[in-house]
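Everything on this sheet refers to the single structure shown next.
The values are calculated or read from the model by the stated rules, or taken from the named source; none is laboratory data. Here the structure is a predicted model, which means the values were calculated and not measured. Backbone-built Cβ (ideal geometry, glycine too); neighbour counts: all protein chains shown. With ligands, DNA and RNA removed, areas are computed over all heavy atoms of the protein, side chains included. Shrake-Rupley method; radii C 1.70, N 1.55, O 1.52, S 1.80 Å.
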Amino acid sequence: MSEERFDCIIVGGGLAGLTAAYVLAGEGQEVLLVEKGNYSGAKNMTGGRLYGHSLEKVIADFAASAPVERKVVKERLSRGVGDDMVTVEYDSAGLACPFGESYTVLRGKFDRWLADQAEEQGAMLIYGVRVDSLLEENGKVFGVVAGDEEMEANVVILADGANSLLAQNLGYKAPPQINQATVGVKEVIGLSEEIINERFNLASGEGLAWLFYGNGEDQVYDAFLYTNTDSVSIGVTMMLGEIDHTQNSVPQMLEDFKNNSKIAPLLEGGRLMEYSAHLIPEGGENMLPKLYGDGIILVGDAAALCANLGFTLRGMDLAVESGLLAAKTVLAAQEQGDFSADTLCAYEKALQESFVLACVKGGESCLAAVKAGGYEEDPISAFNTAMGEAGIK
Amino acid sequence: MAAKVNVAEKLGVNKFNTDEKNSHIDVDKGYADKKEVDRVLRACPAAIYTLDDNGTLFFDYLGCLECGTCKVLSEGKLVKSWNYPVGTKGIEYRLG
């Protein structure tokens, strides 16, 4: 029933999909983005800290107008729990952070803002529609199916998140193994801006990113704490396979963590505002799906573009960069009038040349890539040295 | 150690657009392997897999956070099929 053929249909209104929509629409492409939630961000969740460098390339100085919570100026890394906790603190302002400025964000707010920007560029966004399958013939993708509706396009960008059932059904991606997926569980706890400033020793607008390693008696989970403007995001992450190495439940891990003697006082008097959970693809290079094919490109979490680099967890800046590179690839394909894999392979090459795949392939090579970019500081070494001096392995 | 977590209370602050008619996850409630049931039950962030005193498994999809943990852990075993809720339905994060 297709009345109109789009230049590009994007499945999923998170950061990767929205970035692609923004760039393509800005270049005059007829873009349709389909999101199953009632707005962009409705199904999305982050810890979360957004490294701004990739979005800066798309929307310069975005933080001046986007609903970021706080700019991260302070980082802490801890090992141990409660009274046995050892913490190293960096002052990011003095650290020359290798990825530029970073911000704490809440996706329900942030993604809606980016969606508004994409719409202003001319992208068409429809909400509340779940894409059920892809239109495909002889391996060539040419549209999407949602309920009774079929919509066609020259190219489809899959930005449908960590579970990406569409990529799995298309045979581009195997379901993640239990050692390739981490579950993150988070509470957003409301506290006044003044109390947050006081308890974390921050000025207004300044934020803290705090990661905790090897928590609980069985050390099966990690944890995080980020300060938002007037709330704290606190959560735990556990590689799914670890469930076989503990008797505890995931929700109880978060409860235990919140109640440890070092954390509980920081949250005192706070009010739970939201409880959320999400999967994080952490399989590294081995988990990468087929990234492109005839008429199709995978971006963001759907492409498992996520990296746990030890001192930081990153997915959002990789998602934005992949959306940008996918859009550039589609624009080049448009010029050539060829949307086959032979043309779209430029996307994987671009990912290889960017920081994205270096990050996915592991912390060491990412750091090398960062250093090759002229950065001198090495946060991992700094942390390890400090931990060594403190007698912590 | 902390008190036992009350997950239902936490889910109570969330916004859900409940689809009263259709479960987006099909669970094999008669699944015999108790060990498998136990690991899914403990891993689910929403604690929507529960056992009563007689060991009968209950599953309440309405509180699902759509993370996919049970799918990855137990698809083809305890989880017979897994999809997202239809458009507009399910969890709706205001903050995220």
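Between A:Ser102, A:Ser354, A:Ser40, the Gaussian network model of chain A with springs among Cα atoms under 10 angstrom shows the greatest mean-square fluctuation at A:Ser354. Among the residues of A:268-276, the average count of other protein chain beta-carbon atoms within 10 Å of the residue beta-carbon is 5.
First obtain the Kirkwood hydrodynamic radius of region A:130-218 from its Cα pairs, then insert it into the Stokes-Einstein equation at 20 °C and 1.002 mPa s, and state the resulting D in µm² per second as a whole number.
Values: Rh = 17.9 Å.
For these conditions, the coefficient is 120 µm²/s.
Note on chain A: GNM, Cα springs under 10 Å; of A:Tyr292, A:Tyr275, A:Tyr22, the largest mean-square fluctuation is that of A:Tyr275. Under Stokes-Einstein, with the Kirkwood radius over Cα pairs as Rh, the value for chain A at 20 °C and 1.002 mPa s is 100 µm²/s.
The Cα-based radius of gyration and maximum Cα-Cα distance (Dmax) for region B:15-92 are 12.1, 36 Å. The three principal axes of the Cα atoms in region A:233-306 give end-to-end lengths of 54, 30, 16 Å, sorted in falling order.
Counting only protein heavy atoms and a 1.4 Å probe, region A:5-389 has 36 square angstrom of accessible area per residue.
Apply the Kirkwood formula to region A:275-348: the hydrodynamic radius equals the inverse of the mean of 1/r over all pairs of different alpha-carbon atoms; give it in Å with one decimal.
Values: mean 1/r = 0.0756 Å⁻¹.
About 13.2 Å, per the Kirkwood formula over Cα pairs.
Calculation over all alpha carbon pairs of region A:9-82 in 5 angstrom steps from 0 returns a P(r) of 3, 12, 18, 20, 19, 11, 6, 5, 3, 1, 1, 0 percent.
What ranking, highest mean first, results for peptides A:238-249, B:35-46 when packing means the other Cβ atoms within 10 Å averaged over each residue? Don't skip to the answer; put the middle values down first.
Details: A:238-249: 18.9, B:35-46: 20.8.
Result, highest mean Cβ count within 10 Å first: B:35-46, A:238-249.
Computed from backbone phi with θ = phi - 60° and the Karplus coefficients 6.51, -1.76 and 1.60, the 3J(HN,Hα) list for region A:179-196 is 9, 10, 10, 10, 9, x, 10, 9, 10, 9, 10, x, 9, 5, 4, 5, 5, 4 Hz; x is used for glycine and proline.
Taken residue by residue and averaged, Cβ atoms of other chains lying within 10 Å of the Cβ of A:254-261 number 3. Near B:Lys80, the amide H atoms lying under 5 Å from its own belong to B:Asp26, B:Val27, B:Asp28; only residues 5 or more places off or on other chains count, and H is placed 1.01 Å from N. Rg over Rh for region A:58-206 works out to 1.06, both radii taken from alpha-carbon positions and Rh defined as the Kirkwood radius. Two decimals is fine: what is log10 I(q)/I(0) at q = 0.11, 0.15, 0.17 Å⁻¹ for region A:21-136, from a Debye sum with one equal scatterer on every Cα and no solvent? Evaluating at q = 0.11, 0.15, 0.17 Å⁻¹ gives log10 I(q)/I(0) of -0.51, -0.80, -0.94. The spacing between region B:41-96 and region A:213-276, judged by their C-alpha centroids, is 20 Å. The phi-based Karplus calculation (6.51 cos²θ - 1.76 cosθ + 1.60; θ = phi - 60°) puts the 3J(HN,Hα) values of region A:37-45 at x, 7, 7, 5, x, 4, 10, 10, 8 Hz, whole numbers, x for Gly and Pro. Quick one: which residues, 5 or more positions from A:Leu106 or on another chain, have an amide H under 5 Å from its amide H? H modelled 1.01 Å from N in the peptide plane, none for Pro or chain starts. Residues meeting the amide H criterion: A:Glu69.
Highest mobility in the GNM of chain B, judged by mean-square fluctuation with C-alpha springs under 10 Å and restricted to B:Thr56, B:Thr69, B:Thr18, is found for B:Thr56.
Across region A:70-80, computed HN-Hα scalar couplings (Karplus, 6.51 cos²θ - 1.76 cosθ + 1.60, θ = phi - 60°) run 9, 7, 6, 10, 9, 10, 10, 10, 10, 10, x Hz from first to last residue, x flagging Gly and Pro. Between region A:111-126 and region A:150-187, the alpha-carbon centres lie 22 Å apart. Under 5 Å between amide hydrogens, which residues at least 5 positions from A:Ser133 or on another chain qualify, with H placed 1.01 Å from N in the peptide plane? For A:Ser133, whose amide H was placed from the backbone, the distant partners under 5 Å are A:Val145. For chain A, hydrophobic long helices are taken as DSSP H runs at least 20 Å long by C-alpha position along their axis with mean Kyte-Doolittle hydropathy of 0.5 or more; these are A:316-336.
Given C-alpha coordinates of region A:138-283, what is the ratio Rg to Rh with the Kirkwood estimate of Rh?
Numbers: Rg = 19.9 Å, Rh = 17.9 Å.
Here the Rg-to-Rh quotient is 1.11.
Taking each residue of A:236-243 in turn, how many C-beta atoms of other protein chains fall within 10 Å of its C-beta, and what is the average? Please report the intermediate quantities before stating the final value.
Details: counts 1, 0, 3, 0, 7, 3, 1, 9.
Partner-chain Cβ atoms within 10 Å, mean over residues of A:236-243: 3.
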